[in-house]
Amino acid sequence: MTIQDTLFMPAALTGPVPLTLGILSLSLPWVLWRLGRGKKTQGQAAPPFYPFDPAALDRKDAETPILTIWNNMILPNRYAHEIRNNEILNFRDGLEKDFLTTVPGLEALFTGTFHNHIVWDTASAFSRKIGALIEPLSMETGLFLKENWSDTAEWHSIPLNECMHFLIAQLTARIFIGEELCRDRNWIQLAIDYTTHRTAAIKQLVYFGPLVPIVHWFLPSCRALRACVRAGRPFVERVLAARREEQRRNPNQGKDEKQREREKSINALSWIDGVAGETGTRYDATLTQLRLAYAAVHTTSDLMTKVVAAICEHEELVGPLREEIVAVIKEHGWTEAALAKMVLLDSVLKETQRLEPLASMTLSRIAREPVVLSDGTRIPKGTQVRLTTDNMWNSSIYPDAAKFDGYRFVKLREQDKDAAPGSGLSFVSVSSNHMGFGYGKHACPGRFFAGAETKIALCHILLKYDFELANPECARAQTDGMMIWRDKKAKLKVRRRNEEIQI
Ligand code: HEM
């Protein structure tokens with residue numbers, strides 16, 4: 001019997017376990033208040049993080065050991081092939097444990113968990129529409145840069161990370177919710193805050209184990225999260241009501257026509273509403289939008305921050321990158337094919353992600369049954385397994401691995417001309433030696449969208465602006481042992497230039 005079962009059985013309310021739980025839950029607000037106070041006092045101390053040094057992670061030919069802490073196992077990169085598609089090592093269970101995706105009341109109250117799997121479906125569906133996304137993404141980038149970086153030819157400085165966050169939030173919102181809200185700073189701020197509150201809430205909740213279903217009602221971070229969802233409702237409901245009204249005006253449309261209309265409209269809000277309607281699913285449209293932003297925004301803006309910083313640190317790349325963009329667009333137009341032909345830009349993105357991925361571990365899975373790996377390594381039932389991405393920094397795989405080489409993947413592609421598309425050398429392909437987007441059948445479904453979005457944004461930035469780091473010493477990569485990020489204090493100096501071609 002679980003604690004939850006005991007709690008909700010009236011006949012058992014006089015037993016010793018429920019009584020103890022009753023006393024505990026009565027004193028819970030006080031305990032949480034104390035915890036909150038403690039946290040605030042500790043909050044003044046800087047969180048522990050360190051300079052990120054890929055050279056220190058270079059194992060060369062030495063074997064990386066397995067690390068076991070309680071029921072957590074950190075497996076080295078060499079097990080990637082065995083872990084990636086093994087369903088006993090379950091992806092969904094890992095997601096639930098890491099992101100508490102099914103805690104009732106933490107987010108959607110009684111509308112089920114549609115918001116969890118629809119994010120995957122949306123990311124996959126929109127990956128097949130990249131051609132149609134170029135125009136709106138490009139237009140939005142142009143508007144954002146004009147408004148935020150201005151057209152002045154004088155050098156001026158902007159906060160790098162924050163700026164990339166707002167840029168990517170606006171671009172993502174353009175496609176996922178539409179034109180009405182993507183330029184509304186209040187909505188964008190809510191989408192960004194949702195990620196911040198959710199991350200904070202998860203970090204606090206993990207300490208409460210089976211008490212999570214009760215504790216989340218009181219924790220300030222969870223309350224802030226719920227307030228954020230409440231504040232978002234009027235925005236989403238207004239836009240959704242207008243879109244539904246549009247649909248109602250054409251009641252005689254057949255299913256195929258409706259499908260075509262949805263395809264044309266290129267925004268996920270209507271697309272998701274159509275999917276839910278067809279399957280008769282009740283869902284929370286606001287939460288679904290916020291969960292999309294959660295998956296898409298901070299991941300992509302982190303990459304944009306890192307790649308812009310890397311280009312500044314290797315300014316010799318700027319000229320060749322501009323030349324490539326101009327030549328490719330002149331030949332192929334501003335198209336999906338053009339984005340695919342920008343091999344240097346692609347290589348710079350992939351090299352940035354190789355050296356500084358979002359995290360140094362990936363493929364979080366939980367063993368539903370005991371598993372024995374090919375070398376006899378035993379994974380007990382219930383163990384949470386993660387895989388390190390150490391091959392990405394290994395100089396026996398990538399020569400001079402700790403050094404950033406913007407041309408690395410261009411050269412590897414040239415050496416490997418016969419390789420099949422998707423063999424691991426383009427930015428969106430995954431392999432056991434480059435797991436920036438994960439690996440196997442659960443690899444990030446949003447990577448095609450992220451690849452197009454970052455390339456479009458970089459084309460605008462490179463063609464329209466000169467840029468350099470204002471405080472290079474503050475822009476270094478940092479880590480807390482798992483996540484890797486560029487210092488939030490980094491600033492960029494920018495000034496408008498005359499672009500060679502209009503995009
Ligand atoms: C540079 C940007 C991004 C990075 C680095 C990134 C990284 C990742 C990683 C490492 C995983 C886990 C894969 C695994 O465990 O095997 C993942 C999963 C996922 N990502 Fe991304 N991601 C990015 C952008 C996006 C975008 C734009 C979306 C769009 C909505 C998205 C949606 C998802 C979803 C839905 C999953 C879960 C997969 C599943 O349910 O099976 N990601 N991502």
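At a glance:
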read-out	value
Residue-count net charge about Pro370 - beta-carbon cut-off 14 Å; Lys, Arg +1, Asp, Glu -1	+3
Radius 11 Å from Cβ of Ser360, net charge of other residues (Lys, Arg +1; Asp, Glu -1)	-2
Virtual spin-label span in nm between Ser150 and Lys441, 7 Å along Cα→Cβ	5.4
At 1.002 mPa s and 20 °C, Stokes D of segment 341-421 from Kirkwood alpha-carbon radius, µm² per second	141
Ranked by how many other beta carbons lie within 10 Å on average, peptides 166-173, 194-201, 294-301 from highest	166-173, 294-301, 194-201
Computed lengthening from Lys403 to Ser124, 0.36 nm per intervening residue step minus Cα-Cα distance	97.1 nm
Burial order of peptide ranges 146-153, 343-350, 408-415 (average beta-carbon count within 10 Å, highest first)	343-350, 408-415, 146-153
Order of Val318, Val236 under a 10 Å beta carbon neighbour criterion, fewest first	Val318, Val236
Extension gain, Glu414 back to Ser157 (0.36 nm per residue minus Cα-Cα distance, nm)	88.7 nm
Inter-label distance, nm, simple model (7 Å from Cα along the C-beta direction), Glu87/Val206	2.8
Diffusion constant of segment 56-159 at 4 °C, which comes from Stokes-Einstein with the Kirkwood Cα-pair radius and 1.567 mPa s, µm²/s	66
Least to most buried among Met361, Met139, Met304 (fewest other Cβ within 10 Å first)	Met139, Met361, Met304
Net charge of Cβ neighbours under 13 Å - reference Thr68; Lys, Arg +1; Asp, Glu -1	+2
Length-normalised contact order for segment 54-496 - Cα pairs under 8 Å, 6+ apart - percent	29
Distance cut-off 37 Å, percentage of C-alpha pairs in segment 54-496 lying past it	26
Cβ-based exposure ranking for Cys459, Cys182, in which fewest neighbours within 10 Å come first	Cys182, Cys459
Mean projection area, nm², convex hull over Cα of segment 96-249	11.9
Proportion of all alpha-carbon pairs of segment 383-503 beyond 27 Å (%)	34
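We did not get these values from a lab; they are worked out from the coordinates using the rules stated. Bear in mind the structure is a predicted one, so any value in this text is a computation, not a measurement. No Cβ is skipped: glycine too gets one built from the backbone with ideal geometry, and neighbour counts run over all protein chains shown.
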